[in-house]
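Since the structure comes first, as structure tokens, the remarks are kept for the end.
No value in this document is a laboratory result; all are computed from the given coordinates. Just so it is clear, the model here is predicted, and its values are computed rather than measured. Cβ: placed from backbone, ideal geometry, glycine included. Neighbour counts: every protein chain shown.
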Amino acid sequence: MSDAARRDAQELLGCESCGLVSAAAVIDEPGLLQQCPRCGHVLRATKPFALQRTWACVLAAAVLYVPANALPVMVTTSAFQHDEHTLLGGIHELWLDGSWFLAAIVFIASIAVPMLKIGALGLLAWTVRHRPEWRRLERARLYRLVEAVGHWSMLDVYVVVLLAATVRFGPLASVGAGLGLLAFTAVVVLTMFATWSFDPRMIWRDAPANGRVA
Amino acid sequence: MAESPDDPPPAPAPPPAAPVVAADLPQPRLIRARRWNVSLVWLVPAIALAIAASMLVRSVFLTGPRIEIEFKSAEGVEAGKTEVRYKEVIIGKVVAVSLRDDRERVVVVVQLDRSAARFAVEDTSFWVVRPRIGAAGVSGLGTLISGAYIGTDAGVSTKSRSEFVGLEAPPFVLRGEPGSIFVLKATDLGSLDFGSPVFHRRTPVGRVVGYTLDADRDELSVKIFVEAPYQKLVTTNTRFWNASGIDLTLNASGLSVNTQTLASVLAGGMAFDTPPGSAPAQPAPENTVFTLFDDRRTALAPADGVAVPVRMVFDQTVRGLTPGAAIDLLGVDIGRVRTVALQYDAKRKRFPVEVTAEIYPLRLGPVRSALLRDVGVPSDAAVLQELAAHGLRAQLRTGNLLTGQLYVALDFIPGPARTATIEEDGTVRMPTAPGTLSELQPQIAEIVGKVSKIPFDEIGRDLRTTLSRASAAIGQLTPDAQKALAEVQRTLARAQTTLDNLDRNVTDPSAPVQRNLEDTLIELQRTARALRVLADYLQQHPESLLRGKPADAPVPKR
């Protein structure tokens, strides 16, 4: 690959809105943005402040992950019993009841996936700055995976919200959402935000045209 | 997150011409970005941190102290499920159930709520609420469905404590419940149990809250709780008695059946009342000790005071005399028989029966003080001695002919003079008189003896010789008698004919004599009637003898 080609590749900007490719302008003054000459969309080589936003969301998600697991996500009240269920407690109960498969599903969806998402996003954000050349292709795949599984963690939230809405038998039985559910929802949403604000193009910065090399 | 505005393009740029070369590409327009603070994005984790911290802090503040309660068994107690409630309000939850190291008891770890931190004090009590069906009623039925929970009675101490020993049964008095606790010394528990009702005028006013049998002193004390405002009715004069079940007494006064309410018949109970005629007294303070009497009669009887032990020796059978039989002075019950025992009199080779009894001089009432004054010695035993010198004797009498129950009567019975002695331990040895039954016995024996002296054998023999002689005489008479009999027969036949004639002429209705007689009688009857009319008339109008018959009375006009 010639140096010119690489420079060209660096200096071309595709419009995300209308697909027009423009030549990047030389910006000598800070605070100037490039705009698509056809549709007016702001053109950027990478998403703005991608790393900062990703880091902020990942950290917030990590912080909220603690109350999401420590506090009850579901509060069931029957005529004689008032029960608060945490995520791990519910999985433990399922496991003890012999519903291993269900316990595994809930564990993967509610505990493992958010944790792995936080970890993966943290890894992606860290490597962009510190190990830019390390396994770009795998990182790109990891990003796609994270993006794909992201919303499945909302399963728990849906279950609790549906239960809370349907199980309303007055004094006999009722189900309510606990504070933990709020934190859990925030974790899932924040990880989705982090995924969205991360720009996979950052993985390929300064990469040779053939990604397999280097 | 600030985003630069996508302004509409001021003018459409000419489309780029193919082939694409970097130099031919259109140049993007440059616009000025809105200045914004980059660090704003870091507000997100900051806010998240604040929220998470507040959530955790809140939940930490919501959890109170963690306490350990020991129980005999963890039946129905489940970690993470079983609640701790006070007045049905949830104040905590069981978080772990484990065995104590020595495996004797169960340790239940309870996480109390923050608001219930004050429950972790010295005198709080805990117990497991399970469905209980007992004499006192049914409780904890709700736990059949919800499972057991741990009940609490809040303590008032300020000393905190984290290890408790749980009660095995719910306490029958909760702290702060208005009322008073009293202690009753009892000889026998009867059918009393936890929760047995306490009645006053057949109204339940309290319950038995516990009983302890002191193994060292062999003393039974029953704790009762009398609810407010009825605790005021318990005064220092109050007497308690066991009203359990049916009190069937068979004694010299016959059969008596005593019951309280049906509930107490089934479940046991006790009652209290103030003896009639007792002076009004102050309400008894909490924990006052009373005596629990066996029945209402003994409870409400006047105070017995100090008993005078009495010993009586009877020379007769005491069948029907049981411990507890009455000592009766002219119909007044003044004491009880304690023991009945055989003795052996080596000199006479007899078995006299020794009866010990207690006499309660207080039961004599005002008479006692008069007696004491009369004797001059302030001793009840001396009074008995004096009375015995004047002829007071103990005598066994039949109280009930049907059942043969005996009682000891003290009565003045004429007889040889004897004295009562006072033994060293103060026991009065009362002289006795043979009982009414035992008096009867020798008399009957005397009669029987006299009857047996009659020479029935000789009489029989004489009678037989007389009879045989008579039969021989009759045998000699026979031929003459036969002749005489034939004569008699003939005479009788003739008499028969005569009577037949008479019958025909006189008694036949058609006989002339009969007819005449009948006419005469009818005439006589008429005469008599006329005479009666005359006599009646004369009785009403005696003046007519002089004035003749008056004119008819005029018919009254309307």
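A few notes on this one:
- Relative packing of peptides B:361-371, A:115-125 - highest average C-beta neighbours within 10 Å first: A:115-125, B:361-371
- Amide H contacts under 5 Å for B:Leu406, placed H, 5+ residues apart: B:Leu321, B:Thr322, B:Gly399
- Between A:Phe169 and B:Asn287, the FRET efficiency from the beta-carbon distance, with R0 = 51 Å, is close to 0.55.
- Cβ-Cβ FRET estimate between B:Thr427 and B:Ile447, R0 fixed at 45 Å, reported to 0.05: 0.70
- Extension gain, B:Asp123-B:Glu523: 0.36 nm per intervening residue step, less the Cα-Cα distance, totals 131.8 nm.
- Sequence ranges B:373-380, A:177-184, A:195-202, ranked by mean other-Cβ count within 10 angstrom, highest first: A:177-184, A:195-202, B:373-380
- Spacing of the two label points (7 Å from each Cα toward its C-beta) at B:Thr235 and B:Val306, in nm: 2.7 nm
- Cα-based helix-to-principal-axis angle, A:179-197 vs chain A, degrees rounded to 10: 10 degrees
- For chain A, Cys with no neighbouring Cys Cβ under 4.7 Å: A:Cys57
- J(HN,Hα) series, region B:219-225, from Karplus relation 6.51 cos²θ - 1.76 cosθ + 1.60, nearest Hz, glycine and proline x: 10, 9, 10, 10, 9, 10, 10
- Using 0.36 nm per residue and subtracting the Cα-Cα separation, the extra length available between B:Val377 and B:Val488 on full extension is 30.2 nm.
- Counting every other Cβ atom within 10 Å of each residue's Cβ, A:Cys57, A:Cys18 order from fewest to most as A:Cys18, A:Cys57.
- Under 5 Å, built H, 5+ apart or other chain: amide partners of B:Val209: B:Gly195, B:Lys223, B:Ile224, B:Phe225
- Between the alpha-carbon centres of region B:93-116 and region B:499-558 there is a gap of 124 Å.
- What the Cα convex hull of chain B gives, in volume per residue, is 926 Å³.
- Here the spin labels are modelled as points 7 Å beyond Cα on the Cα-Cβ line, and at B:Val89 and B:Thr203 they lie 3.2 nm apart.
- Long-range HN-HN contacts of B:Gly92 with modeled amide H, under 5 Å: B:Val84, B:Asp113
- What you get for chain B, charging only the Cβ of Lys and Arg (+1) and of Asp and Glu (-1), is a dipole of about 1020 debye around the Cα centre.
- Average partner coverage of B:73-82, which counts Cβ from other chains inside 10 Å: 1
- Hydrophobic long helices, here whole DSSP H runs in chain B with Kyte-Doolittle means of at least 0.5 and Cα atoms spread over 20 Å or more along the helix axis, are found at B:43-62.
- With neighbour counts taken as other beta-carbon atoms within 10 Å, the residues B:Arg207, A:Arg205 rank, fewest first, as A:Arg205, B:Arg207.
- Degrees separating the helix A:87-96 axis from the principal Cα axis of chain A, which is the longest one: 60 degrees
- For the peptides B:149-159, A:93-103, B:544-554, residues were scored by their other Cβ atoms within 10 Å and the scores averaged per peptide; the highest-first order is B:149-159, A:93-103, B:544-554.
- Full extension of the segment from A:Leu96 to A:Leu116, taken as 0.36 nm per residue of separation minus the current Cα-Cα distance, would add 4.7 nm.
- Summarising the strand pairing of chain B, around 80 percent of its internal DSSP beta bridges are antiparallel.
- Measuring r between the beta carbons of B:Thr465 and B:Thr403 and using R0 = 51 Å, the FRET efficiency lands at 0.40.
- Residue pairs exceeding 32 angstrom between C-alpha atoms, taken from B:Lys87/B:Lys223; B:Lys93/B:Lys159; B:Lys93/B:Lys232: B:Lys93/B:Lys232.
- The chymotrypsin sites (Phe, Trp or Tyr not before Pro) of region A:130-172 that DSSP puts in a loop, and whose beta carbon has at most 16 other beta carbons within 10 Å, are A:Trp134, A:Phe169.
- A simple spin-label model places the labels of B:Ile413 and B:Glu78 7.9 nm from each other, with each point 7 Å out along Cα-to-Cβ.
- Backbone geometry of region B:167-173 corresponds, through the Karplus equation with coefficients 6.51, -1.76 and 1.60 at θ = phi - 60°, to 3J(HN,Hα) couplings of 7, 7, 9, x, x, 8, 10 Hz, x marking Gly and Pro.
- Going by neighbour counts of Cβ atoms within 10 Å, the residues B:Val57, B:Val234, A:Val160, B:Val313 line up, fewest first, as B:Val57, B:Val313, A:Val160, B:Val234.
- For A:40-47, mean number of other protein chain Cβ atoms within 10 Å: 3
- Shielding of B:47-57 by partner chains, average beta-carbon count, 10 Å: 6
- Estimated vicinal HN-Hα couplings, Hz - region B:279-290 in sequence order (Karplus 6.51, -1.76, 1.60; Gly, Pro = x): 5, x, 10, 6, x, 6, x, 3, 6, 5, 9, 10
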